[in-house]
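Visitor: One structure, pasted below without further comment.
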Amino acid sequence: MDARDRLRRYLEQRRELGESEFLLDTLTVDEALARLAGALSPSRNPASSVDRLSAAGAVQDPPPVRAPLVPPPDVAPRSGGPVTAGVGADWRTALAGRGPQDPSGDAWPAWMAPLGLERGVIRGAPVLSPEVAALSALGDVVEAVAACTGCALHRSARNPVPGTGHPQAELMCIGEAPGADEDAAGEPFVGEAGKLLTKILAAINLSRDAVFIANVLKHRPPGNRDPSPDEMQACLPFLWRQVALVRPRVILALGRISAQAITGSAQGIGALRGRVHLLMGIPVVATYHPAALLRNEAWKRPTWEDVQVAQRLLVAARAHDARAAGGA
Ligand code: URA
């Protein structure tokens, strides 16, 4: 089956599922199918038709293989061996038991090399207090977040929003902080940005239930202002613990605040996207925040490229695991 047949089948499935909007583009599913039918017509030059479709966004080219790696200026220094302190004494064991991640957290997994992706910041396991390090299940993190008075936000927030999803999710999505809808519901990404996130995930065949969704901050900052450095410092340990407990194969950092918090870099999202970072040995793909996409259509295509990189990483990680399980 060639790429156009696969695309047609995909679009037909989306239509059967009741989707009329063609994700990340301005075409509806029906419009995309009509253009695809035109592209497949023998009266047309197939190459130019596909080019036209591609320009319209209906055919997504694979993301470009990115250039060889030059460490960026903000690569965390590696001082004599892996960063081991931190996310609980059991985190190495936890990571070692699942997937192709390097448990030391400071070396590029060999399985990533063939993907030719540009490498970004490497971050080991952040140091945690003994109390947070001792949280041994996601439910314990939920309780600890609910009881947290580490910053003032718990006073103004209606509900804590600790995060939710599959406890062994392959993909973890990390946003910035709850907004008004999330504050009311106690769940992340339930507002308009959340609906778009659901569609983005569906485009790579992931349901919300299959992923784990969390934020850098677990309580809403009043008026949706940016998190302060103190608030981030107080709250991030819960996120680090969640990452260590879920052990996703890939992390998708949504927006500048999330990407900066995860990488520890001060660079903007434009610089942090387009390469793969490592957190505790887990590949991190940074992209635009869904709320930003709602404001600026121009960011949809780069976001789609980033999401496809995340998907390629998932596929490669799964294949590596399958080979490892088969003893190859
Ligand atoms: N934006 C975020 O960053 N997180 C949410 O949970 C909702 C909106």
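Visitor: Using 0.36 nm times the number of residues separating LEU115 and ASP230, minus their current alpha carbon distance, what extension gain do you get?
Guide: Working: separation 115, 0.36 × 115 = 41.40 nm, distance 3.75 nm.
Extra length from LEU115 to ASP230 when fully extended: 37.7 nm.
Visitor: A follow-up question, please. First measure r as the distance between the Cβ atoms of GLN168 and GLU297, then evaluate 1/(1 + (r/R0)^6) with R0 = 25 Å and state the FRET efficiency to the nearest 0.05.
Guide: Numbers: r = 35 Å, r/R0 = 1.40.
Approximately 0.10, to the nearest 0.05.
Visitor: Which percent, nearest 5, of DSSP beta bridges in the stretch 169-328 are antiparallel?
Guide: 25
Visitor: Reachable lysines from LYS300, Cα under 21 Å, same-chain residues fewer than 8 places away excluded?
Guide: Within the straight-line limit of under 21 Å, LYS300 reaches these lysines: LYS195, LYS199.
Visitor: Solvent-accessible area of VAL127, probe 1.4 Å, all protein chains present, reported in Å² to the nearest ten, please.
Guide: 110
Visitor: Also, quick follow-up: Loop-only check: which trypsin sites (Lys or Arg not before Pro) in the stretch 126-235 are DSSP coil with at most 11 other Cβ within 10 angstrom?
Guide: ARG225
Visitor: Using heavy-atom solvent-accessible surface (probe 1.4 Å) with all chains present, what is the largest-first order of HIS166, HIS277, HIS289?
Guide: HIS166, HIS289, HIS277
The values are calculated or read from the model by the stated rules, or taken from the named source; none is laboratory data. Keep in mind that this is a model prediction, so the values were computed, not measured. Counting neighbours? That spans all protein chains shown, and the Cβs are built from the backbone with ideal geometry, glycine included. For the accessible areas, the whole protein counts, side chains as well, though only heavy atoms, and no ligand, DNA or RNA atoms are used. Shrake-Rupley method; radii C 1.70, N 1.55, O 1.52, S 1.80 Å.
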